[in-house]
Each structure stands twice: as C-alpha cells, then as structure tokens.
Amino acid sequence: MKKFTLGHSKEEVFQLVPEKVIKKVILGETSVAIVRIGKTFRTFQAFCPHRGASLIQGTINSSGEIICPLHQYRFDLETGQLRSGYCDDLAIFPNELTDNGLEITIP
Ligand code: FES
C-alpha cells in the first residue's frame, strides 16, 4: 500500500480540482481519476471496468454517480458499486484532505 499527496495545502487542492471536473493523475503505476463534489473528493480507477473506456470523459450526475461515456454504465462514486450495467464494481481509492494536501492511498 502506498500513500501519495496531491498539492501542498487544502486551498491548492481545491484549485487543482475544480468542482465536477474529472482530473487524471498517475500515482506510481496507477491511473487515478479525481473529482470534487462540493468539499468531498472522490478518487477512483480512471478506466471503466466494463471495456476500459476512459472515465475522464465521463459525466457526474446529481446522485454522485459517474456515467461511462462508452455504454453509459453508472457507478456510485462513494462505494464504487455498479448501479446499471453488467461488469465489476469500480475501484475506489481512499483519500483524505489534510493541511498538507489530498492524501490518496493506493493498495
Ligand atoms: S466501457 Fe464503460 S460502460 Fe462499457
């Protein structure tokens, strides 16, 4: 398990990740998508577990789900649970906003 820190302060992280804009970062060998909904950050695998489409082009709905751009499968961004479609759940990476930035844990 490895911990990565994005930014150097809470303010910097809020600027780096505008609300509902999906950003991608490479942490070690893992592509991680980051989105902010209000003051909450969601960090998850950047590629859809169905057929590998990039979720960076996905959309976030009002229920806190991401919708894949390719076949419109939906995943809960808090738990990673598949909400519509037939494939594995989305991998979610724990994160914590600290005074030193956003800490993201990769298993
Ligand atoms: S690749 Fe994402 S729903 Fe098919």
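The values are calculated or read from the model by the stated rules, or taken from the named source; none is laboratory data. Given the structure is predicted, the values throughout are model-derived calculations rather than measurements. Heads up, the Cβs are rebuilt from the backbone with ideal geometry, glycines too, and the neighbour counts pull from every protein chain shown. The protein model used for the area step is the full one, side chains on, heavy atoms only, and it has no ligands, DNA or RNA in it. Shrake-Rupley method; radii C 1.70, N 1.55, O 1.52, S 1.80 Å.
When Glu29, Glu19, Glu12, Glu78 are screened for being under 12 Å from Phe93 (Cα atoms) and away from the ligand (no atom under 16 Å from the Cβ), only Glu78 passes. Among the residues making up the stretch 42-74, those that are part of a strand (DSSP E or B) and either under 18 Å from Pro107 (Cβ atoms) or touching a residue at least 60 places away in the same chain (Cβ under 8 Å) (or both) are Arg42, Thr43, Phe44, Gln45, Phe47.
All of (1) within 16 Å of the ligand (Cβ to nearest atom); (2) touching a Phe, Trp or Tyr at 6+ places or on another chain (Cβ under 9 Å); (3) of a type in the set (Asp, Glu) hold for Glu103 with one exception: (1).
Each row is one residue, and each column tells you yes or no for (1) under 21 Å from Met1 (Cβ atoms); (2) surrounded by 15 or more Cβ atoms within 10 Å (Cβ to Cβ).
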residue: Gln15; (1), (2): no, no
residue: Glu29; (1), (2): yes, no
residue: Cys48; (1), (2): no, yes
residue: Gly52; (1), (2): no, no
residue: Thr79; (1), (2): yes, no
residue: Leu97; (1), (2): yes, yes
residue: Pro107; (1), (2): yes, no
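Here Cys68 passes the criteria (1) open to solvent by 30 Å² or more (accessible area, probe 1.4 Å); (2) more than 20 Å from Met1 (Cβ to Cβ) except the one numbered (1).
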